[in-house]
């Protein structure tokens, strides 16, 4: 039966974590069966009860107190859970089952309290809530989603629009701010592996998924500053998908032969938790979505566009990057480091990269961009340039007329 389920949880102890520990280090809570709770001594009881040695448990809501361990973890379900992990630490069956259930109860209660806006020492402090949200999306800090969803349904069976308890998938989406309370969601809980996968789903669900054929590898894409110098204009677009990047050519002043090239990119907010989330979604794609590595494709393109803080400032001025980190250098270092040791089989931005390179390599485009930048950078410079040209033409005509009259 173990071969029926692909590994949904992976251990990163080699390539990925050699250059950064963001992918597997948690700050406040530890969840899942991978190398955790080794020092905890669990007193296994018939019913679920909070245990002081488990840092992840504090209070158990009424409906969950009455859930029997055997009611939700029969032998076949335990094996499915074990088979979801690449590596686990579990001295014995009771230890393993207790650990899974304790963690599941903690998460369910936390999500319910957040959804119902109840006062709680973990949720009242914004910085701690954000840290917990980040920790719960670490790839090595996951529980199978079917475990959480199944336990929730078992404890609260009367779910529906008229019930005060929404489906667990709705609780999860609200907690991670993928939707608002009461919003309809178009995601099936059975299709979600865990919280990292849930965040990836919402980031990629409306992104372009076609891969144009790439006959040969592209040379390096010039950075944003160089592309701008060649005439590429960077614009922020509003959209539901962060990965929806577009390349468009528009007529300049209605003249067909003069076109403005635009790279349209949705806004990304870069804060203290962006790198951790991106790393974990990219790591998931490297193991589970190698031919649908849309987040990796996006970060790879941004890495190509950003070389230095100059590129970050350029994109920030265009409204594409909202930098909460303060220094542009930190944002540049983040994007430059995210793709280290990442292997990409193909890219959903192949066509865009090719168009940008072709535009940059065209000397006429560079000449037009230089002319526009030097002589038509703003209204006053453009007016002065036109006036100078008109004056030059009139002077030339006057000179010719004088010569002809002699």
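Each value in this text was obtained by applying a stated rule to the coordinates, not by laboratory testing. Keep in mind that this is a model prediction, so the values were computed, not measured. Because the Cβ atoms are built from the backbone with ideal geometry, glycine has one as well, and the counts that use them run over all protein chains shown.
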Notebook entry, point to check: Can you work out the FRET efficiency for the pair residue 269 and residue 78, with r the C-beta to C-beta distance and R0 = 35 Å, to the nearest 0.05?
Noted result: 0.30
Checklist line | Pairwise label distance in nanometres, residue 188 with residue 262, each label 7 Å out on the Cα-Cβ vector | finding: 3.8
Checklist line | region 224-367, relative contact order in percent, only Cα pairs under 8 angstrom and at least six apart counted | finding: 28
Check: Label-point separation (nm) for residue 399 and residue 117, each offset 7 Å from Cα along Cα-to-Cβ?
Finding: 7.7
Notebook entry, point to check: By its C-alpha gyration tensor, with a ≥ b ≥ c as the square roots of the eigenvalues, how is region 224-367 shaped: rounded for a/c under 1.5, else prolate for a/b larger than b/c, else oblate?
Noted result: prolate
Notebook entry, point to check: What is the extension gain from residue 310 to residue 154, computed as 0.36 nm multiplied by their sequence separation minus the C-alpha to C-alpha distance, in nm to one decimal?
Noted result: 50.7 nm
Item checked: Separation in nanometres of the label points that stand 7 Å from Cα toward Cβ, at residue 387 and residue 249 -> 3.5
Checklist line | Residues 99, 203 arranged by fewest to most Cβ contacts within 10 Å | finding: 203, 99
Checklist line | Residues 324, 360, sorted so that the one with the fewest Cβ neighbours within 10 Å comes first | finding: 324, 360
Check: By average Cβ neighbour count within 10 Å, what is the ranking of 123-134, 278-289 from highest down?
Finding: 278-289, 123-134
Check: Between region 326-353 and region 165-203, how many Å separate their Cα centres?
Finding: 27
Note to self: Taking the number of other C-beta atoms within 10 Å as the exposure measure, put 390, 295, 260, 270 in order starting with the fewest.
What the structure shows: 390, 260, 270, 295
